[in-house]
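Have a look at the structure below, then the notes.
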Amino acid sequence: MNWKLAARAEKMNPSVLREILKVTERPGIISLAGGLPSPKAFPINAFAEACAEVLHKDGQAALQYGASEGYGPLREAVAEMLPWPVDPAQVLITTGSQQGLDLVAKVLLDPGSRVLVETPTYLGALQAFSPMEPEPVSVASDSGGVVVDDMVAKAPDARFIYLLPNFQNPTGRTMTEERRAAVSAAAAKAGLPIVEDNPYGELWFDSAPALPLTARNPEGCIYLGSFSKVLAPGLRLGFMVAPKAIFPKLLQAKQAADLHSPSFNQRMVHEVMKDGFLSRHVPTIRALYKRQCEAMVAALQREMKGLSVEFVKPAGGMFLWVRLPEGIDTVALLPKAVERGVAFVPGAPFYAGQGDPRTLRLSFVTASVDEIDTAIAALAEVVREQLAHHMAAEVQRQLAASPA
């Protein structure tokens with residue numbers, strides 16, 4: 001048979017992260033690669049009780065088709081937990097927040113559309129946008145978030161800017177209050193919509209981050225959230241809050257994609273949440289992740305001493321961003337690290353433009369403190385070896401280039 005692919009299918013590429021995760025399934029590999037929540041944080045007992053209650057109280061409806069918008073009480077609960085006034089009619093339950101990115105792309109992007117992104121940005125967003133054949137444009141970013149002047153300069157004709165203000169994936173950085181105010185005001189003045197992705201916002205260690213960008217200008221933003229990081233990713237439930245002007249089209253795209261997110265899962269999440277469970281459960285996740293983050297920071301400081309390795313301790317979330325010395329390409333480094341029993345994610349794929357080959361992302365949430373110590377020690381050995389090879393090769397190059 002002569003299967004002819006659509007042009008958009010040609011734009012689809014395998015997830016670099018998913019391919020790396022296959023490698024980490026090998027026995028003996030300590031994975032610091034995937035952004036998987038710690039299974040220690042899954043509230044199994046709470047879900048066991050919720051499952052029985054939902055089936056007993058509402059089993060027929062839970063196992064039936066449901067409304068595309070989502071389960072009404074869950075939509076109301078989402079609206080109530082957000083820190084600005086939200087009409088539940090503006091809440092759309094999605095099959096993971098990743099589906100929210102897909103719906104945004106389908107509704108807002110055409111071939112050649114300009115979409116602004118941070119430098120670097122979430123790899124899954126680039127993958128979700130790609131089939132619509134847009135032109136992703138990197139906006140200069142620093143430790144406080146996107147640089148406002150560069151965002152404004154690139155705003156003309158852009159469909160939206162995609163931002164992760166809290167504990168960003170991959171860098172772990174958090175946008176400051178001052179930067180949020182400036183970004184929100186500048187975007188509103190330029191008529192630039194914001195797509196705000198906030199899957200990690202509740203995973204702060206010592207203090208909650210500032211108000212979301214959407215709270216400052218609800219009519220100019222689409223807000224994406226997730227239950228994956230605070231309850232369980234296997235449920236595949238997220239949500240989006242959208243202005244009423246754009247909500248109907250997002251709903252139509254949702255209907256075409258999967259009719260609705262699983263009715264049973266939605267009712268279980270609502271059952272678990274309804275008595276304030278999240279306010280009791282999420283602090284245990286924060287404490288666990290903070291302890292493991294501190295262990296990774298200490299291991300990096302100890303094992304990478306003298307290597308000119310750069311990193312910044314995040315204030316929450318799941319990731320730590322590292323920049324290695326000149327001459328090391330982390331894509332080439334990865335298989336050598338895997339040979340030593342440790343896996344990470346190279347940083348270059350997280351860039352919409354030219355990537356920084358010296359960067360890598362580490363996740364500190366699924367490995368134990370002992371595993372983190374072992375993995376970082378092994379990674380440091382590989383870095384030292386590669387740095388020595390690079391320096392030796394550079395000496396040979398200079399000798400070859402010098403006059404006889």
Item to check | Residue list for region 323-354, filter: of a type in the set (V, I, T) and farther than 16 Å from V365 by Cα | outcome: I328, T330, V331, V338
Checklist outcome for this item: When region 300-336 is checked residue by residue, the ones that are within 19 Å of L123 (Cβ to Cβ), in contact (Cβ under 8 Å) with a residue 40 or more places away in the chain, open to solvent by less than 10 Å² (accessible area, probe 1.4 Å) and in a helix (DSSP H, G or I) are L333
Checklist entry - From the list P165, P209, P248, which one is of a type outside the set (S, T, Y) and touching a Leu at 6+ places or on another chain (Cβ under 8 Å)? => result P165
Next on the checklist: Condition check: open to solvent by less than 20 Å² (accessible area, probe 1.4 Å) and within 18 Å of M273 (Cβ to Cβ). Does V54 satisfy that?
Outcome noted: yes
Item to check | Contacts under 7 angstrom Cβ, first residue in region 337-348 being assigned to a loop (DSSP other than H, G, I, E, B), partner buried (at least 20 other Cβ atoms within 10 Å of the Cβ) and hydroxyl-bearing (S, T, Y), 6 or more apart | outcome: G347/T330; G347/T359
Checklist entry - Which of the following residues is of a type outside the set (S, T, Y) and open to solvent by 50 Å² or more (accessible area, probe 1.4 Å): A232, A210, A245? => result A245
Next on the checklist: Considering only residues that are in contact with a strand residue (DSSP E or B) (Cβ under 7 Å, 6 or more places away or on another chain), within 18 Å of S97 (Cα to Cα) and part of a loop (DSSP other than H, G, I, E, B), which ones fall in region 167-199?
Outcome noted: F167, N169, P170, N198, P199
Item to check | Identity of the residue in region 88-98, open to solvent by 20 Å² or more (accessible area, probe 1.4 Å) and touching a helix residue (DSSP H, G or I) at 6+ places or on another chain (Cβ under 7 Å), that ends up nearest to L259 (Cα to Cα) | outcome: T95
Item to check | Every residue from region 6-47 that is at pLDDT 85 or above and open to solvent by 60 Å² or more (accessible area, probe 1.4 Å) | outcome: G28, L36, P39, K40, F42, I44, N45
Next on the checklist: Return the pair list, or none, for Cβ contacts closer than 6 Å from residues in region 280-299 that are farther than 23 Å from L231 by Cα to residues that are modelled with pLDDT of 95 or more and assigned to a helix (DSSP H, G or I), at least 6 apart or on different chains.
Outcome noted: A295/V369; A295/I372; M296/I372; A299/I372; A299/D373; A299/I376
Checklist entry - For region 157-166, which residues satisfy the criterion of being under 27 Å from G112 (Cβ atoms), more than 10 Å from the chain's Cα centre (by Cα) and in a loop (DSSP other than H, G, I, E, B)? => result D157
Item to check | Long-range neighbours under 9 Å by Cβ, at least six apart or interchain, first residue touching a residue at least 60 places away in the same chain (Cβ under 8 Å) within region 247-260, second aromatic (F, W, Y) and surrounded by fewer than 19 Cβ atoms within 10 Å (Cβ to Cβ) | outcome: L259/Y65; H260/Y65
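The values are calculated or read from the model by the stated rules, or taken from the named source; none is laboratory data. Just so it is clear, the model here is predicted, and its values are computed rather than measured. Methodologically, a virtual Cβ is constructed for each residue, glycine included, from the backbone with ideal geometry; neighbour enumeration extends over all protein chains shown. Just the protein is used for accessible areas: all its heavy atoms, side chains included, with ligands, DNA and RNA removed. Shrake-Rupley method; radii C 1.70, N 1.55, O 1.52, S 1.80 Å.
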